[in-house]
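Taking it in order: structure first as structure tokens, then the write-up.
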Amino acid sequence: MFLFNRLVLPFILCIVCVDAVFIKKAAANPERYAAIVIDAKTGKVLHEHNSDMRRHPASLTKKMTLYMIFEALKSGRITMRTTFPVSTRATRQIPCKLGLRVGERISVEHIIMSLITKSANDASVAVAEGLSGSESAFCDAMTKKARALKMYDTTFKNASGVPNPGQVSTAKDMATLAKALFNDFPEYYRYFKAKTFNYQGVVHKNHNKLLGKVEGLDGVKTGFTNAAGFNLSASAVRMDRNNNSHRLIAVVMGGMTPAWRDKKIAGLLEDNFRKIGAVSSRDRHPKSPFAIPDLKKAKPKFGRPIIEKSQKGGELIEVNYRNENKKSYVPKDKLSEVFQISLKGPSVSMIKKQQPVSMSVKKETVKECSVKNKGMPTNWIVPRVISPKKS
């Protein structure tokens, strides 16, 4: 009993206390995941989950820092070539950083690029101090601007998104901010498409790994802290079958991993584009006998044209060609190979899968002719045609 009281009992009590601590933390930390998808033009909410729950924005904060920069640019207070000095406070920020040195000056354009790609905390402080005199004053201006944009659940305590218990926002507010960035500053929105940024010989890659992978996606910003989880605000544009463009903004906060967050955003965009009828280009232009493929992915082999019927001395030849891999399309740069035929007269009627293509030739000596067929794209260049040799 003595050994039990001295050794075993304290061990059991320790386990119970540890469990109680974890249970208390779990109760105080509800589900972090929050998401929203909105139409960038109308603001209509297409999907939401915990979108009004306050979360730590992490580096999504830099979207407001960028908004303040763009506003100053538009008003003429600064230009892209304006430079700001780097303070000791800026250099002491936690990563991610550009590695700026005290006394160094950095241009506004470099600050914009570093915030979007590298998510540089030192550059965030430099611009905050440059625009408002201090980061504290800049954060007050950021919060005031948030209220003007109807972001009522957002409060900023720093310009970068580094951990601060008082710095909070919601998925809905972050979507509102992304919408404002695009609508208020379309002339600067192109910076969000940058995949890399070269600063003093060092190439920094954009943390947004979905650029170039999700069709139409052209911004906006990633973010991460231990308290926030993995955040991402993204915007993408697609066309519907009537060639009307639709831009959606999706925000995910509290992701478990970068891959999980990226997959979630991609899925939300795909699902909601489908809901509004703005399908991908692949679905918008289904394969047809005249569809032009991506030649990097498909390199079909074509047989030589076969003369089906000819009339010596006449004006008409009917031809067909054999497509060796049974594909139904003819790439643009392969047309000249497929249609190397001899003319017997001023016109040729070409039969391809029972769909005639009219080719008219003004002179026997010409190397090109025009093609007319409702099913064919108007931007096709007609192949060279071998003129008959004079006997």
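For this structure, a couple of remarks:
- Every pair of residues 6+ apart whose Cβ atoms lie under 9 Å, when the first sits in the stretch 270-281 and is acidic (D, E) while the second is at pLDDT below 90 and in a loop (DSSP other than H, G, I, E, B): E270/S280
- Test: residue in the stretch 130-140 that is open to solvent by 10 Å² or more (accessible area, probe 1.4 Å), outside any helix (DSSP H, G or I), in contact with a strand residue (DSSP E or B) (Cβ under 8 Å, 6 or more places away or on another chain) and of a type in the set (G, A, S): no
- Odd one out for N231 among (1) closer than 27 Å to A148 by Cβ; (2) free of Cβ contacts under 8 Å to residues at least 60 places away in the same chain: (2)
- Each residue in the stretch 156-194 was checked for being under 16 Å from L115 (Cβ atoms) and in contact (Cβ under 8 Å) with a residue 60 or more places away in the chain, and 15 pass.
- Flag for L98 being modelled with pLDDT of 95 or more and either of a type in the set (S, T, N, Q) or open to solvent by less than 30 Å² (accessible area, probe 1.4 Å) (or both): yes
- Of all the numbered requirements in (1) assigned to a helix (DSSP H, G or I); (2) open to solvent by less than 60 Å² (accessible area, probe 1.4 Å), E109 misses one, and that requirement is (2).
- Of the residues making up the stretch 210-265, those that are part of a strand (DSSP E or B), within 14 Å of I38 (Cβ to Cβ) and among the aliphatic types (A, V, I, L, M) number 9.
- The lone criterion from (1) more than 27 Å from R81 (Cα to Cα); (2) modelled with pLDDT under 95 left unmet by P163 is number (2).
- Extreme residue, surrounded by the most Cβ atoms within 10 Å (Cβ to Cβ), among residues of the stretch 30-40 that are under 10 Å from L248 (Cα atoms) and touching a Ser or Thr at 6+ places or on another chain (Cβ under 9 Å): I38
- Considering residues of the stretch 210-227 that are open to solvent by 10 Å² or more (accessible area, probe 1.4 Å) and in contact with a helix residue (DSSP H, G or I) (Cβ under 6 Å, 6 or more places away or on another chain) only, the residue farthest from E104 (Cα to Cα): V214
- Criterion (surrounded by 22 or more Cβ atoms within 10 Å (Cβ to Cβ) and at positive phi) met by exactly one of A90, A126, A58, A120: A58
- Qualifying residue in the stretch 172-188 (condition: over 19 Å from P57 (Cα atoms) and of a type in the set (S, T, Y)): yes
The values are calculated or read from the model by the stated rules, or taken from the named source; none is laboratory data. Since we're looking at a predicted model, the values are computed, not measured. For neighbour counting, all protein chains shown are included, and Cβ atoms are generated from backbone atoms with ideal geometry for every residue, glycine included. The accessibility values were calculated without ligands, DNA or RNA, using every heavy atom of the protein model including side chains. Shrake-Rupley method; radii C 1.70, N 1.55, O 1.52, S 1.80 Å.
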